[in-house]
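Input: a single structure, listed below in structure tokens.
The values are calculated or read from the model by the stated rules, or taken from the named source; none is laboratory data. All values reported here derive from a predicted model rather than from experimental measurement. Methodologically, a virtual Cβ is constructed for each residue, glycine included, from the backbone with ideal geometry; neighbour enumeration extends over all protein chains shown. For the accessible areas, the whole protein counts, side chains as well, though only heavy atoms, and no ligand, DNA or RNA atoms are used. Shrake-Rupley method; radii C 1.70, N 1.55, O 1.52, S 1.80 Å.
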Amino acid sequence: MSGSVVPMRVLESDSIESVKLRIQSYKGFVVRNQKLVCGGRELSRSNSLVKDYGVGDGNVVHLVVRVADIQVINVKTSCGKEFTFHVEKNHDVGYVKRQLAKGKKGLVDIDEQEVLFKGQQLEDWRLINDICKNNSDAVIHLSVRKSAKIRAKPVEKNFELSIVAPQANDSKKDDVADRQLRNEGHGIEYYGVVPKEGLNRSIWLEPVIVNPKATIPSVVLDLINSTYDGLLKGNNPIRSSEGTGGAYFMMDASGGKYLSVFKPMDEEPKAVNNPRGLPLSEDGEGLKKGTTVGEGALREVAAYLLDHPKGGRRSISGEDMGFSGVPPTFLARCLHKGFNHPDSVKEKIGSLQMFVENDGSCEDMGPGAFPVDEVHKISVLDIRMANADRHSGNILVSKGKDGNVVLIPIDHGYCLPTSFEDCTFDWLYWPQARKPFNPETVSYIKSLDAEEDIALLNFYGWNLPLECARTFRISTMLLKKGVEKGFTPFIIGNIMCRENINKKSVIEEIVEEAEDLVLPGCSEAAFMEAVSQVMDRRLDLIA
Ligand SMILES: Nc1ncnc2c1ncn2[C@@H]1O[C@H](COP(=O)(O)OP(=O)(O)OP(=O)(O)O)[C@@H](O)[C@H]1O
């Protein structure tokens, strides 16, 4: 994605996996860190062939590479103390200074720290990645005004900072102006209202509220509040090096903890300000069939709103976790210079999702350790939402209170498509998918009501387009009927996914058959009745 074009000979009969392997051997990017996009479509099925995706002579295939985010920094003080901390490569110099200022490093006042590279002062916004890049033997000097000096040199993959005689200075300035701003300018107290004169309008965060009657769960309000505090404290959004769109980690006020992830609509893949340089969509279609560029954020929020808790609908506090564990997500409006603004700095609308501490994603480990019910809860969500992007990198692995493995589904921007063509579920090939649902899951599935859910989305301001609503009705119907028949997630998921890119799935055949049965212009209810009949017949053949 750096903009350079590298010619490469491939056969029509080469698989996508083998193309990625060759990129790996030429360029060193391991296969699982590569994403290929051609003609606006992600070449996501590794066993499909180059010709299946219609890639021909002279076509440009875009390569998006995920790079390791973490850099380990070893800090040595002049009195011989050593400590290590992890820094995201996308962290900026300001972040490193704040870490150093956290008490034990003795550099309490960040205003007194100066970071120098090749004799020039580095501004706080400079990224660690940019400084280390192309300078494997770079030495960064951090000096504390008046007396101290710090040197950094690379140690294998890490780099080392040595701090020379810093003087501790406990006089932390009380940032009065900042506190005033926080008291008066809290975004969420002024939903959609022009803020008071004098507020800090270079930084802003508030929920987007379409229907004033729709209550925002308090867990979401708290998340927005604390994220806003973090921004006002000068903790800039940090762009993730993973993913095809702009995804920004937002920090708390102390600058030591991630609170949320903001994904602006205009930075989605194929959208106008995509930071990865993916070409603009010509027809408005997203990277996956049946999705729309710029609607990823709505789908992210829909996945959270529709992820009802086990006991019923979500309470006003919103603290009760949904059945599938989608982290709290809401539409937010955010103004900050740290996002991708190729032109002028403008307010962005996007999804703000709670950051979940994790030990990596399912991509980093084999599925053996995942509890059956955890896999099943993800399968229920993906089948309901006809998720077209459930690769294992989009399931985070975390630990519950009792130490059990908990799976956290993220990245729902390609849910609720208008067609089933690109539905893919990595969990389909995990052994847990072949186990039957437990009674609790069965009763949860039985409680689902697609019409109620569509009305809920409408209430929160998203009037689901007719074709998306149809997909949702059909997938909910399939899930419910499948469960009635005692089907496993594997059987139901298999009905929904194509075996290969050119062979229609069973659900697609069901839809086509139902379309043939009804008269043009018939009501949606009549069409759904036809789908139900055809589905019953097809499921009987599978049972
Ligand atoms: N709620 C979350 N908690 C913790 N980390 C998260 C969360 N959401 C996203 N991330 C991290 O940010 C990275 C990028 O996010 P995400 O995958 O949603 O972006 P994307 O651009 O939509 O990716 P993709 O190319 O897979 O569609 C993820 O790989 C994950 O590491």
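Just a few scattered comments:
- Pick from segment 268-289, criterion of a type in the set (A, V, I, L, M, F, W, C) and closer than 19 Å to V61 by Cβ, ranking: most open to solvent (accessible area, probe 1.4 Å): L280
- Qualifying residue in segment 454-475 (condition: of a type in the set (F, W, Y) and open to solvent by 60 Å² or more (accessible area, probe 1.4 Å)): yes
- So G318, is it out of contact with any Asp or Glu (no Cβ under 8 Å at 6 or more places or on another chain), within 16 Å of the ligand (Cβ to nearest atom), modelled with pLDDT under 90 and more than 20 Å from Y414 (Cβ to Cβ): yes
- Segment 247-263 residues that are away from the ligand (no atom under 11 Å from the Cβ), paired with ones that are open to solvent by 30 Å² or more (accessible area, probe 1.4 Å) and among the polar types (S, T, N, Q) (beta carbon under 8 Å, 6 or more apart): D252/S226; A253/S226
- Tally, over segment 417-448, of residues that are under 18 Å from S361 (Cα atoms) and charged (D, E, K, R): 1
- Enumeration of residues in segment 325-375 that are away from the ligand (no atom under 16 Å from the Cβ) and within 27 Å of Y444 (Cβ to Cβ): P367, G368, A369, F370, P371, V372, D373, E374, V375
- Per-region count, segment 386-416, residues more than 14 Å from the ligand (Cβ to nearest atom) and touching a helix residue (DSSP H, G or I) at 6+ places or on another chain (Cβ under 6 Å): 3
- In the set (1) farther than 15 Å from L335 by Cα; (2) modelled with pLDDT under 90; (3) away from the ligand (no atom under 11 Å from the Cβ), V194 fails one condition alone, (1).
- In summary, helices (runs of 4 or more DSSP H) completely within segment 428-522 and bearing 1 or more residues that are more than 30 Å from A332 (Cα to Cα) occur at 439-447, 466-484, 489-496, 506-517.
- Qualifying residue in segment 255-267 (condition: open to solvent by less than 20 Å² (accessible area, probe 1.4 Å), closer than 30 Å to H62 by Cβ and of a type in the set (V, I, T)): no
- Test: residue in segment 245-260 that is more than 26 Å from G360 (Cβ to Cβ), in contact with a Pro (Cβ under 9 Å, 6 or more places away or on another chain) and either charged (D, E, K, R) or at pLDDT 85 or above (or both): no
- Subset tally (residues that are part of a strand (DSSP E or B) and either of a type in the set (A, V, I, L, M, F, W, C) or without any contact (Cβ under 8 Å) to a residue 60 or more places away in the chain (or both)) for segment 200-231: 2
- Qualifying residues in segment 227-252 (those that are more than 14 Å from N340 (Cα to Cα) and open to solvent by 40 Å² or more (accessible area, probe 1.4 Å)) - the one nearest to the chain's Cα centre (by Cα): E242
- Scan segment 389-427 for residues that are assigned to a loop (DSSP other than H, G, I, E, B) and either of a type outside the set (A, V, I, L, M, F, W, C) or within 16 Å of G368 (Cα to Cα) (or both) and the total you get is 17.
- Criterion violated by N358 - all others in (1) in contact with a helix residue (DSSP H, G or I) (Cβ under 7 Å, 6 or more places away or on another chain); (2) of a type outside the set (D, E, K, R); (3) within 24 Å of I238 (Cβ to Cβ); (4) surrounded by fewer than 24 Cβ atoms within 10 Å (Cβ to Cβ) satisfied: (1)
- Which numbered condition G40 fails, given (1) modelled with pLDDT of 70 or more; (2) among the small types (G, A, S); (3) more than 16 Å from the ligand (Cβ to nearest atom): (3)
- Residue match in segment 296-318 (condition: of a type in the set (D, E) and open to solvent by 30 Å² or more (accessible area, probe 1.4 Å)): no
- Subset of segment 292-315 [modelled with pLDDT of 90 or more and more than 16 Å from the chain's Cα centre (by Cα)]: T292, L305, L306, D307, H308, P309, K310
- Set M385, M365: member being closer than 30 Å to S46 by Cβ and open to solvent by less than 10 Å² (accessible area, probe 1.4 Å): M385
- With respect to (1) at pLDDT 95 or above; (2) out of contact with any Ser or Thr (no Cβ under 7 Å at 6 or more places or on another chain), the lone exception for R384 is condition (2).
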